[in-house]
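Enquirer: Please find one structure pasted underneath; my questions will follow.
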Amino acid sequence: MPVNGGIRSIARDYTVKPNLAAVTLVVSFLSGCTDANKTYPSTEWIRIASEDGRFSASFPTKPECTRPVDDDETMYVADAGGGAVEFVIRCKRNADPSVSLDDRLARTVETMKSTNVTTRSIEMCGYAAREMTHEYIYDGVRWVSRQRVFCAGNTMYQVIVLGLQAQSYPEREARRFFSEFRLEAR
């Protein structure tokens, strides 16, 4: 999986935005080069530990690790379902503490012109978190995104699952991805 492929350009304001490379992903999907209904048996999941992000997580395929903005940010992205689904973890150290979780999610909604938005308060790793599910159109194709965002000290974490269209959203795999995210002792 190329580092710049897929819908994974995370803007500095902590929103998920499609990037130009997503056109390749959408063209592949529309041309029938994906398997959106693929399931990911538990034996295929890969456990990773991020020293600089101080977390561990399981992915259905091997994730790529990138530093999209600066040395304070780390992102892991795993492409699954032939490009129809992406699993993303973003860790931003030295996050601006004056920006609330709700403000971060509101920026995403505004930027993506999201519809069918639902948010709820949850807990992740013992911290107050927000979960948002929303849909948006990119290049004529409907995407569904569910993300969980929380701050632990001065570090912000986003755990995200993106799926092409609602019928391809991998509910079972998303639940597993979210539930197996762990913070490591500092």
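Enquirer: Give me the net charge of residue 150's neighbourhood, meaning all other residues with Cβ under 11 Å from the Cβ of residue 150; Lys, Arg count +1, Asp, Glu -1.
Expert: So the environment of residue 150 carries a net charge of +1.
Enquirer: In segment 89-142, which trypsin sites (Lys or Arg not before Pro) fall in coil by DSSP and have 11 or fewer other Cβ atoms within 10 Å?
Expert: Answer in residue order: 113.
Enquirer: Follow-up. So if we plug the beta-carbon distance of residue 106 and residue 48 into 1/(1 + (r/R0)^6) with R0 = 30 Å, what FRET efficiency do we get, rounded to 0.05?
Expert: Efficiency at R0 = 30 Å is approximately 0.50.
Enquirer: Same structure again: Rounded to the nearest 0.05, what FRET efficiency do residue 113 and residue 167 have when you use their Cβ-Cβ distance and R0 = 30 Å?
Expert: FRET efficiency, residue 113 to residue 167: 0.90.
Enquirer: Residues of segment 77-115 with amide nitrogen under 17 Å from the 7 Å Cα-to-Cβ point of residue 185?
Expert: Those under the cut-off are none; the list is empty.
Enquirer: Among residues other than residue 93 whose Cβ falls under 10 Å from its Cβ, what is the net charge (Lys/Arg +1, Asp/Glu -1)?
Expert: Around residue 93, the surrounding residues sum to -3.
No lab work stands behind these numbers, since they all come straight from the coordinates. As the structure is a computational prediction, the values presented were derived from the model and not from experiment. Virtual Cβ from ideal backbone geometry, glycine too; neighbours counted across all protein chains shown.
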